[in-house]
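Asker: Can you read through this structure? Questions will come right after.
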Amino acid sequence: MRYLPINLDVRGKTVVIVGGGPVASRKCQLLRASGASVTIIAPEVALVLQELANTGEVRHLARPYAQGDLAGAFLAYAATDQPAVNRAVADEAHRGGILVEVCTGPDRGDFITPAVVTRGDLTIAIGTGGTAPALAGRIRRELEDRFDHAYAETVLLLGAVREKLLTANKAGAYNKRILKELADADLPHLFRIRAYAEIDQLLAMLCGPGFTLATLGVPEKDNP
């Protein structure tokens, strides 16, 4: 395994993307979903990026990349279709101790972005070390079919239960047993069929009174 799989907190941190095409758009959407403060540097950008810039959701510098543009960045992406520009971005990043992804030459960068399936706070990342991105894409599509919206609701519920248990009872082993039994139950299926009464019964049996979807702040959704 060449790359270390980690979850990186980029909320509020400055991330610079050099490039404005489809690759930059994909990177930008993932970064925005993670709460990053994104600056895009490119003379022209794709429509989706232009719309984000128009609404102030990203910062767009409508010009070519110049040395010094990465100052203050937490991460950088070299995402142009010009290898020489991407190399220059990578060189500046390395000099400044900034982690960089080079989309046209992964070997020149510090990390690569895996294919990702997200369902609420559930994130499934698929990586092939950059050697077989088409296969990673195929696996991502298969996982998108396997893990539906019900898993987002399940993760939300388990997180709320965990927080309340830790607040009410410091017995870690006891809490772990309850959380394991809930995780082993087929909660995704119950959410999928909107069996909210059954979920509340399960919560009462395992966690005791006061544990319901309503008290935990997990909304009951209408049938899709």
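The values are calculated or read from the model by the stated rules, or taken from the named source; none is laboratory data. From a predicted model like this one, the values you see are computed outputs, not experimental measurements. For neighbour counting, all protein chains shown are included, and Cβ atoms are generated from backbone atoms with ideal geometry for every residue, glycine included. Calculation scope for accessible area: heavy atoms of the full protein, side chains included, ligands and nucleic acids excluded. Shrake-Rupley method; radii C 1.70, N 1.55, O 1.52, S 1.80 Å.
Asker: What is the angle, in °, between the Cα long axis of helix 196-207 and the longest principal axis of the Cα atoms in the chain? Nearest 10 is fine, range 0 to 90.
Answerer: Roughly 80 degrees, rounded to the nearest 10.
Asker: To continue, here is another question. Can you give the three extents of the C-alpha atoms in the stretch 14-113 along their principal axes, from longest to shortest, in whole Å?
Answerer: Cα spread of the stretch 14-113 along its principal axes, largest to smallest: 33, 25, 23 Å.
Asker: Mind pulling up the Rg/Rh value for the stretch 149-216? Radius of gyration and Kirkwood radius, both on Cα. Present the calculation step by step, with values, prior to reporting the outcome.
Answerer: Values: Rg = 11.2 Å, Rh = 11.9 Å.
Ratio of gyration radius to Kirkwood radius for the stretch 149-216: 0.94.
Asker: What does the accessible area of Glu51 come to, in Å² to the nearest 10, when a probe of 1.4 Å is used?
Answerer: Rounded to the nearest 10, the figure is 100 Å².
Asker: Say a site is exposed when it is one of the trypsin sites (Lys or Arg not before Pro), sits in a DSSP loop, and has at most 14 other Cβ atoms within 10 Å; what is then the longest site-free stretch of the chain? All intermediate terms of the calculation are to be shown ahead of the outcome.
Answerer: Numbers: sites that count: Arg2, Arg11, Lys170, Lys221.
Result, exposed sites excluded: 12-169.
Asker: A follow-up question, please. Got a number for carbon plus sulfur as a percent of the chain's accessible area, 1.4 Å probe?
Answerer: Working: 6980 of 12790 Å².
Accessible surface attributable to carbon and sulfur in the chain totals 55 percent.
Asker: Here's something else I'd like to know. If you find the alpha carbon centre of the stretch 151-224 and of the stretch 1-42, how far apart are they in angstrom?
Answerer: Cα centres, the stretch 151-224 to the stretch 1-42: 33 Å.
Asker: Quick one: ranking Ser25, Ser34 by accessible area, 1.4 Å probe, largest first, what do you get?
Answerer: On the way: Ser25 10, Ser34 55 Å².
From most accessible down to least: Ser34, Ser25.
Asker: With θ set to phi - 60° and the Karplus curve 6.51 cos²θ - 1.76 cosθ + 1.60, what are the ³J(HN,Hα) couplings of the stretch 82-90 in order, to the nearest whole Hz, using x for Gly and Pro?
Answerer: Once rounded to whole Hz, the list reads 10, x, 5, 5, 4, 5, 5, 4, 4.
Asker: Find the accessible area per residue for the stretch 14-113; the probe is 1.4 Å, ligands and nucleic acids are left out, and the unit is Å².
Answerer: Values: 4810 Å² over 100 residues.
Normalised by residue count, the accessible surface of the stretch 14-113 is 48 Å².
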